[in-house]
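Peer 1: Below you will find the structure I want to go over with you.
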Amino acid sequence: MSGNPFSLWVYLSQSPLLWLTVTLLVYASTDAVSLRTRRHPLANPVLHAMWIIGAFLLVTGTSYTTYFAGAQFVHFLLGPATVALAVPLYENRKRVVTSIVPMLVALVAGSVTAVVSVVLLAELAGLPREVVLSLAPKSVTAGVAMGIAGSLHADPSLTAVAVILTGIMGAIIVTPLMNRTGVTDYRARGFAAGLAAHGIGTARAFQVDEIAGVFSGIAMSLNALVTSFLVPLAVTLLVR
Amino acid sequence: MLASLGLILLCQLIGEAVARGLGLPLPGPVLGLLLLLMLLLARDRFKLLALGPLGNAGVETAGKGLLSHLSLLFVPAGVGVVQELDLLASHGIAIILVLALSVVITLLATVLTFRLVSRLLRQQDAR
């Protein structure tokens, strides 16, 4: 056995096992707190897990690359989980089919609002052109948004940050905001969550109500498609 | 269970291949979602398909298992953002305010449009 605890730490901190364990345990605790507070919006498990792990990496001087070697096993499951959205969609297909018209109209209204509002607000705030372009696709899932940013010669890593921040803020704000508007239709509430806040909004919607989750997943998928056509158009028309 | 996970991965794989191959602006997993949905619908029509993961609610159970901790799957990417917060150094507050306002406006526009259209339709049905 090695007599030096430091060399043991050096060994463990470089292994994927440690960081996978940290990710699961920290999330398990933030999720338990979220459940204990009956899914209070401010107890969002993603938000708290990300800053706690982020602080832990900072304190131990661990690089994101080392962390990701372990966390990638969790990250990888995002793709299969997206495919798995077909299951609740299939089980609720009758409600989805009868809602097709309101969904399509809300999709167009929502996608246009998402892109136009962020571009106009960013210009109003006097942000530089490159930042405006990087923020434009912030309401769609990270992979697609970064692709759009790349094709506009914007900064894909700033886009990724904007996407995650949008998702977290949307997931926190959606429940109190919807309660205030008095809309009790979980199809509409979920659809808005997925459109504005992609997967993180969809994860929130599933915590609140299964129907909301189903409609959120549909909105997220459709918005990825519409936004990739819309952003280049909006940028040509709106950005000086 | 294994066969069900395999089927989900296969749908994603085909989705990625088609999206890449045809240069579609859709993520591969979204095409995989459509493919799995079509398989589930086809199973109800053709009883021949109801075997392996498509029989006995196998893929349904596996899919729900994956979705039960959807939030967890965003943690690694979220930690990446904490590491890149210095990107926000020069315009951080403006960017956060712009994003927050935009997400509120988008949520409201979407939910109110959805409500309005579904109310209009119901009135038409009633007449």
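Peer 1: Of A:Leu42, A:Leu85, A:Leu57, which residue is surrounded by 21 or more Cβ atoms within 10 Å (Cβ to Cβ) and either closer than 17 Å to A:Gly190 by Cβ or not assigned by TED's automatic domain parsing to the domain that holds A:Ala171 (or both)?
Peer 2: Details: A:Leu42 fails: surrounded by 21 or more Cβ atoms within 10 Å (Cβ to Cβ); A:Leu57 fails: surrounded by 21 or more Cβ atoms within 10 Å (Cβ to Cβ).
Residue meeting the stated conditions: A:Leu85.
Peer 1: A further question on this structure: Restricting attention to region A:157-174, and to residues there that are β-branched (Val, Ile, Thr), facing chain B (nearest Cβ under 7 Å) and crowded, with 24+ Cβ neighbours inside 10 Å, which single residue is nearest to A:Leu42 (Cα to Cα)?
Peer 2: A:Val174
Peer 1: Of all the residues that make up region B:16-30, how many are within 7 Å of chain A (Cβ to nearest Cβ) and farther than 14 Å from A:Leu77 by Cα?
Peer 2: Looking only at that region, the number is 3.
Peer 1: Can you name the residue in region B:8-49 that is of a type in the set (Gly, Ala, Ser) and touching an Asp or Glu at 6+ places or on another chain (Cβ under 9 Å) and is also farthest from A:Ala84 (Cα to Cα) among such residues?
Peer 2: B:Gly28
Peer 1: Which of the residues spanning region B:50-59 are free of Cβ contacts under 8 Å to residues at least 40 places away in the same chain and crowded, with 19+ Cβ neighbours inside 10 Å? Outline the logic, then answer.
Peer 2: Keep residues of region B:50-59 that are free of Cβ contacts under 8 Å to residues at least 40 places away in the same chain, which gives B:50-51, B:55-57.
Result: no residue meets the conditions.
Peer 1: Here is a follow-up. Is one or more of the residues making up region A:149-156 within 16 Å of the chain's Cα centre (by Cα) and either closer than 22 Å to A:Ala219 by Cβ or more than 7 Å from every other protein chain (Cβ to nearest Cβ) (or both)?
Peer 2: Yes, some residue in region A:149-156 is within 16 Å of the chain's Cα centre (by Cα) and either closer than 22 Å to A:Ala219 by Cβ or more than 7 Å from every other protein chain (Cβ to nearest Cβ) (or both).
Peer 1: Taking only region A:163-185 into account, find how many residues are within 19 Å of A:Arg38 (Cβ to Cβ) and in contact with a Gly (Cβ under 9 Å, 6 or more places away or on another chain).
Peer 2: Counting residues in region A:163-185 that are within 19 Å of A:Arg38 (Cβ to Cβ) and in contact with a Gly (Cβ under 9 Å, 6 or more places away or on another chain) gives 2.
Peer 1: Kindly check whether there is at least one residue in region A:176-183 that is farther than 20 Å from A:Leu104 by Cα, in contact (Cβ under 8 Å) with a residue 12 or more places away in the chain and surrounded by 24 or more Cβ atoms within 10 Å (Cβ to Cβ).
Peer 2: Taking every residue of region A:176-183 in turn, none turns out to be farther than 20 Å from A:Leu104 by Cα, in contact (Cβ under 8 Å) with a residue 12 or more places away in the chain and surrounded by 24 or more Cβ atoms within 10 Å (Cβ to Cβ).
Peer 1: Additional query: Read through the list (1) under 23 Å from B:Gln83 (Cα atoms); (2) of a type in the set (A, V, I, L, M); (3) in a helix (DSSP H, G or I), then give the number of the only condition that A:Ala154 fails.
Peer 2: (3)
Peer 1: In region A:202-224, is there at least one residue being among the hydroxyl-bearing types (Ser, Thr, Tyr) and more than 18 Å from B:Leu72 (Cβ to Cβ)?
Peer 2: So far as region A:202-224 goes, yes, one or more of its residues are among the hydroxyl-bearing types (Ser, Thr, Tyr) and more than 18 Å from B:Leu72 (Cβ to Cβ).
Peer 1: In addition: Looking at region B:64-87, can you tell me whether even one residue there is more than 19 Å from A:Leu77 (Cα to Cα) and more than 7 Å from every other protein chain (Cβ to nearest Cβ)?
Peer 2: Yes: one or more hits.
Peer 1: Same structure again: Filter the helices (runs of 4 or more DSSP H) completely within region A:50-110 down to those with at least 1 residues that are among the hydroxyl-bearing types (Ser, Thr, Tyr) and at the interface with chain B (Cβ under 9 Å from one of its Cβ atoms).
Peer 2: The helices (runs of 4 or more DSSP H) meeting that bar are A:64-76, A:78-84, A:86-91.
Peer 1: In the set B:Leu9, B:Leu33, B:Leu41, which member is assigned to a helix (DSSP H, G or I), at the interface with chain A (Cβ under 9 Å from one of its Cβ atoms), surrounded by 15 or more Cβ atoms within 10 Å (Cβ to Cβ) and not basic (Lys, Arg)?
Peer 2: None of the other options fit; the residue is B:Leu33.
Peer 1: Let me ask you something else. For B:Leu22, all conditions in the list (1) buried (at least 18 other Cβ atoms within 10 Å of the Cβ); (2) at pLDDT 90 or above hold save one; what is the number of the exception?
Peer 2: (1)
Peer 1: Okay, next question. Mind listing whichever residues of region A:175-193 are of a type outside the set (A, V, I, L, M), within 24 Å of A:Lys94 (Cα to Cα) and within 9 Å of chain B (Cβ to nearest Cβ)?
Peer 2: Filtering region A:175-193 for residues of a type outside the set (A, V, I, L, M) gives A:175-176, A:179-182, A:184-187, A:189-191.
Subset that is within 24 Å of A:Lys94 (Cα to Cα): A:184-187, A:189-191.
Matches in region A:175-193: A:Asp185, A:Arg187, A:Arg189, A:Phe191.
Peer 1: Follow-up question, since we're still on this one. Has region B:119-127 got any residue that is of a type in the set (Gly, Ala, Ser), more than 7 Å from chain A (Cβ to nearest Cβ) and in contact (Cβ under 8 Å) with a residue 60 or more places away in the chain?
Peer 2: No, the conditions are met nowhere in region B:119-127.
Peer 1: Evaluate region A:60-72: report whether one residue or more is under 15 Å from the mean Cα position of the chain (by Cα), crowded, with 24+ Cβ neighbours inside 10 Å and in contact (Cβ under 8 Å) with a residue 40 or more places away in the chain.
Peer 2: First pass over region A:60-72, keeping only residues under 15 Å from the mean Cα position of the chain (by Cα): none.
No; the residues of region A:60-72 include none that is under 15 Å from the mean Cα position of the chain (by Cα), crowded, with 24+ Cβ neighbours inside 10 Å and in contact (Cβ under 8 Å) with a residue 40 or more places away in the chain.
Peer 1: So which residues in region A:77-99 are in contact with a helix residue (DSSP H, G or I) (Cβ under 9 Å, 6 or more places away or on another chain), of a type in the set (A, V, I, L, M, F, W, C) and free of Cβ contacts under 8 Å to residues at least 40 places away in the same chain? Quick ask: steps written out before the conclusion?
Peer 2: Step one: filter region A:77-99 for residues in contact with a helix residue (DSSP H, G or I) (Cβ under 9 Å, 6 or more places away or on another chain), giving A:77-93, A:95-96, A:99.
Then keep just the ones that are of a type in the set (A, V, I, L, M, F, W, C); that gives A:77-78, A:81, A:83-87, A:89, A:96.
If the condition is that a residue be in contact with a helix residue (DSSP H, G or I) (Cβ under 9 Å, 6 or more places away or on another chain), of a type in the set (A, V, I, L, M, F, W, C) and free of Cβ contacts under 8 Å to residues at least 40 places away in the same chain, then A:Leu77, A:Ala81, A:Val83, A:Ala84, A:Ala86, A:Val87 are the ones that fit.
Peer 1: How many residues are at pLDDT 95 or above and polar (S, T, N, Q) when one looks only at region B:100-127?
Peer 2: Matching residues across region B:100-127 total 4.
The values are calculated or read from the model by the stated rules, or taken from the named source; none is laboratory data. This one's a predicted model, so the numbers in the text were calculated from it and none came from an experiment. Virtual Cβ from ideal backbone geometry, glycine too; neighbours counted across all protein chains shown.
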